[in-house]
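The block underneath contains the structure these notes are about, expressed in structure tokens.
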Amino acid sequence: MDNLSKNSDLTFLSKISGIIRRDYLIAFMIIGIVVVLVVLGNQVAGRMEALRSAPQDNAQWNLAQLDVELLALDVATQNANQGKSGSLVELRRRFDVFYSRVSTIRRMPLFSENLVEKTSVGSMSGIRSTLDGLVPLMDGPDDMLLANLPQVSAAVDTMRPLARQIGLDGVRVYAAQSDAKRDEFASLLGRTAIVNGFLIVGLGTVLLFLVRQTRISRRRTREMYIISDRNASTVNSALDAIIAVDMDGVIVEFNPAATRIFGYSRNSAMGAKLDQLIVPERYREAHRKGMERYSKTGKKHVIDAGRVEMAALRADGSEFPIELSLGVTHAAGGQLIIAFLRDISLRVSQEQELRAARDEALDAAKAKSQFLAIMSHEMRTPLNGVMAVLDLLDATKLEKKQKTYVKTAITSAEILKQHVDDVLDLTRIQAGRLEFFPRSFNLVELLEEVENINLATAAARRNRISLTVSMPQPYFVADRKRIHQVLTNLIGNAIKFTQNGRIKISAQFLKVEANVVTIEFAVSDTGVGIAEDQQSRIFEEFVTLDASYQRSAAGAGLGLPICKSIVEAMNGEIGVNSQPGTGSTFWFRLPLKAAFSDEKPVDDTLEQKSHTATRRRLKVLVVEDNETNRFVAGEMLRAAHCDVVLAGDGAEGAMLASAKKFDLIFMDLSMPTMNGWDAARLIRSRVEAKSRQ
């Protein structure tokens with residue numbers, strides 16, 4: 001059996017034996033106390049009797065002396081009347097003695113506790129007032145005292161019955177008190193005898209109980225031996241290391257699992273310092289301070305704090321991660337700290353592998369997003385070229401059939417461009433780079449524009465569109481393009497899922513706070529509707545409620561998630577109310593900053609400038625590395641009656657801009673040799689240099 005088990009057994013045995021020794025000791029102490037109580041009771045009874053009689057005898061003696069002192073004062077007065085030698089001195093001395101006796105009696109409990117009758121109180125007051133009246137004579141000259149000796153004699157005669165009354169009342173009161181105290185003391189002795197009887201009975205009961213407890217303790221001792229042996233087996237077979245240390249940090253137990261985990265034999269570990277054995281050197285100082293703090297203050301930081309992960313040291317000097325849990329137990333020699341340790345090297349390794357796999361997945365997702373963004377951007381470049389060429393082709397003289405082909409190609413290209421734009425927006429949202437450009441605009445005009453754009457598409461599916469606006473003032477500051485995008489997407493969805501129905505667009509004020517107006521936009525349709533269990537999924541990416549090849553409406557499932565991201569990025573909220581077969585209402589609420597009605601939208605200003613500029617032929621420089629886009633841009637500008645110069649990269653464009661003055665420069669940003677940013681800075685620097693010359 002290891003030391004931990006032995007400590008547990010010894011602790012238990014010491015507790016049991018301590019209980020037995022304590023019970024017997026208590027029994028003997030009680031018996032001794034009873035004997036002492038009997039002896040002390042007799043002694044206390046005698047002393048109480050002596051103490052009881054002494055003060056009363058003294059009080060009665062003082063009352064008796066009152067008459068004696070008054071008689072002596074009377075004799076001294078008579079001697080003074082007879083003119084005997086030294087009689088005045090004796091008279092004054094006897095007066096002082098009697099006066100002092102009266103003062104002593106007045107301070108006795110007899111008068112302070114009002115034990116005597118009122119007549120005695122009055123008698124005492126009369127004596128005191130008479131004495132106070134004689135004080136001037138006694139303290140005055142002899143001639144005055146001799147002349148007033150008859151008055152002194154009369155006063156003494158007056159006080160004699162008063163003193164007798166006081167003495168009789170005092171004797172009566174003290175006699176009654178003595179009888180009462182004797183009765184009380186006798187009753188106390190009787191109660192003491194009864195208590196002693198109960199005490200003896202109780203002691204006998206305790207003795208019987210102690211004998212029974214001793215037998216129970218012996219039986220439990222045998223049971224605890226079995227439990228202790230079972231615990232020892234549990235400790236030795238535990239998979240986790242169990243190490244016990246005393247308050248000095250010395251190891252007193254080291255189970256087989258600790259030997260296997262740390263590589264130390266039990267003999268080499270026993271008696272060693274824990275910090276020198278398994279604690280890495282960089283943590284030893286903190287470990288020692290923690291032990292000292294707990295030993296002095298009892299404050300726990302790691303102890304009873306649950307599982308803690310840290311590093312430990314093996315016998316070969318290598319570090320490895322462990323999971324540690326500390327507890328405290330009490331042993332015969334004081335407190336022991338029990339440490340339960342588990343090697344978590346495998347778990348940490350697996351967590352690192354999972355973390356690495358997660359990072360790889362995140363990198364792959366990031367690479368995918370970057371790839372989508374790049375590919376979408378690269379797809380837009382040739383797509384813009386195709387759409388521009390189709391527009392140019394549409395502007396030429398074509399046969400009716402050719403015109404139909406071109407219109408079909410333009411429609412397909414626009415649908416493809418919308419998908420590409422959705423992917424670009426999605427990648428921006430995922431990267432957190434969704435940009436907003438707030439400006440002043442007319443919201444009513446925006447709503448009317450969205451309605452007009454979708455009229456033809458709605459009519460193709462035999463749907464009617466209506467617009468309802470409740471707007472006290474129409475000007476706001478926000479990103480007009482993003483609001484347009486959300487509305488267009490919601491209306492497009494309503495048209496796709498509605499046939500031979502109605503689509504209603506509405507906007508109304510919800511609340512106004514300071515200069516911010518919360519507006520609710522809603523797009524309602526009478527289409528197929530959405531089941532309640534599907535309504536929470538429609539704002540997820542790539543979710544389409546009808547994913548079959550025969551579905552009636554096309555789409556990649558990006559429109560609504562993009563709308564949700566845009567609305568939430570503008571501090572708004574979006575939702576849907578729908579019933580299958582009756583239609584759906586998609587709504588979103590946006591807090592928009594109100595603008596003054598006389599603020600001109602940016603587009604109007606630019607439009608005015610463009611109208612002014614078109615009064616003459618503009619000289620335009622197009623800098624574009626893509627040959628198709630360069631060709632298309634040139635053709636479109638020439639069709640707009642512009643003089644066009646083309647450049648294939650930024651360096652060539654900067655050179656042409658320095659050699660010739662242009663009214664307008666269109667420049668791509670991403671180009672080889674010199675990108676658009678550098679070319680623009682170079683052109684500006686050259687223009688500024690010429691202006692200074």
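Using a 1.4 Å probe on the protein chains only, how many percent of the accessible area of segment 192-318 belongs to carbon and sulfur? Walk me through the numbers before you get to the answer.
Working: 4530 of 7910 Å².
Carbon and sulfur: 57 percent of the exposed surface of segment 192-318.
Pop the C-beta distance of A659 and Q350 into the FRET formula with R0 = 56 Å and round what comes out to the nearest 0.05.
Details: r = 67 Å, r/R0 = 1.20.
Between A659 and Q350 the formula returns 0.25.
Past the 28 Å Cα-Cα mark, which pairs from K481/K619; K481/K511; K407/K660; K481/K660; K417/K619; K403/K619?
On the way: K481/K619 30 Å; K481/K511 23 Å; K407/K660 40 Å; K481/K660 36 Å; K417/K619 30 Å; K403/K619 32 Å.
From K481/K619; K481/K511; K407/K660; K481/K660; K417/K619; K403/K619, over 28 Å: K481/K619; K407/K660; K481/K660; K417/K619; K403/K619.
Run the simple label-point estimate for M144 and R358 please: 7 Å along Cα→C-beta, distance reported in nm.
Output for this residue pair reads 11.3 nm.
Using the Karplus equation 6.51 cos²θ - 1.76 cosθ + 1.60 (θ = phi - 60°), what ³J(HN,Hα) coupling, rounded to whole Hz, does each residue of segment 566-573 give in order, writing x for Gly and Pro?
5, 4, 5, 5, 9, 6, x, 9
When a/c reaches 1.5 or more, the comparison of a/b and b/c decides; with that in mind, is segment 244-365 rounded, prolate or oblate per its Cα gyration tensor? The partial results should precede the final answer.
Numbers: a/c = 2.52, a/b = 1.78, b/c = 1.41.
Here segment 244-365 falls in the prolate category.
Apply the Karplus curve 6.51 cos²θ - 1.76 cosθ + 1.60, θ = phi - 60°, to the phi angles in segment 479-489 and return the couplings in whole Hz, x for Gly and Pro.
7, 4, 5, 5, 5, 4, 5, 5, 4, 4, 5
Given the protein chains as shown and a 1.4 Å probe, how many square angstrom of E223 are accessible, to the nearest 10?
E223 has an accessible surface of roughly 90 Å² with all protein chains in place.
Each residue of segment 308-320 in order: what ³J(HN,Hα) in whole Hz does its phi give by Karplus 6.51 cos²θ - 1.76 cosθ + 1.60, θ = phi - 60°, with x for Gly and Pro?
With the stated coefficients, segment 308-320 comes to 10, 9, 7, 9, 9, 10, 8, 5, 7, x, 7, 8, 8 Hz.
Where the Cα atoms of segment 451-514 are projected onto their three principal axes, how long is each span, largest first, in whole Å?
43, 21, 17
Please give the contour-minus-distance gain from Y283 to I303: 0.36 nm per residue of separation, less the Cα-Cα distance, rounded to one decimal in nm. Intermediate results must be reported in sequence, preceding the final value.
Details: separation 20, 0.36 × 20 = 7.20 nm, distance 1.64 nm.
Length gained, Y283 through I303: 5.6 nm.
Sort H287, H301 by heavy-atom solvent-accessible area, probe 1.4 angstrom, most to least.
H301, H287
What order, most packed first, do the peptides 261-271, 681-691 have when packing is the mean number of other Cβ atoms within 10 Å of each residue? Could you put the intermediate results ahead of the total?
Details: 261-271: 15.8, 681-691: 12.4.
Top of the packing list down: 261-271, 681-691.
In nm, to one decimal, how far is the modelled label at T628 from the one at Q335, with both set 7 Å along Cα→Cβ?
Each label point lies 7 Å from its Cα, and together they span 8.0 nm.
Need one number for segment 640-693: average projected area of the convex hull over its C-alpha atoms, nm². Don't jump to the answer; show the numbers that get you there.
On the way: hull surface 15.9 nm².
Orientation-averaged projected area of the Cα hull: 4.0 nm².
Need one number: nm distance between label points at T582 and R220, each 7 Å from Cα along Cα→Cβ, rounded to one decimal.
7.4 nm
The values are calculated or read from the model by the stated rules, or taken from the named source; none is laboratory data. Keep in mind it's a predicted model, so treat the numbers as computed, not measured. Cβ coordinates were reconstructed from backbone atoms using ideal geometry, including for glycine residues, and neighbour counts include every protein chain displayed. With ligands, DNA and RNA removed, areas are computed over all heavy atoms of the protein, side chains included. Shrake-Rupley method; radii C 1.70, N 1.55, O 1.52, S 1.80 Å.
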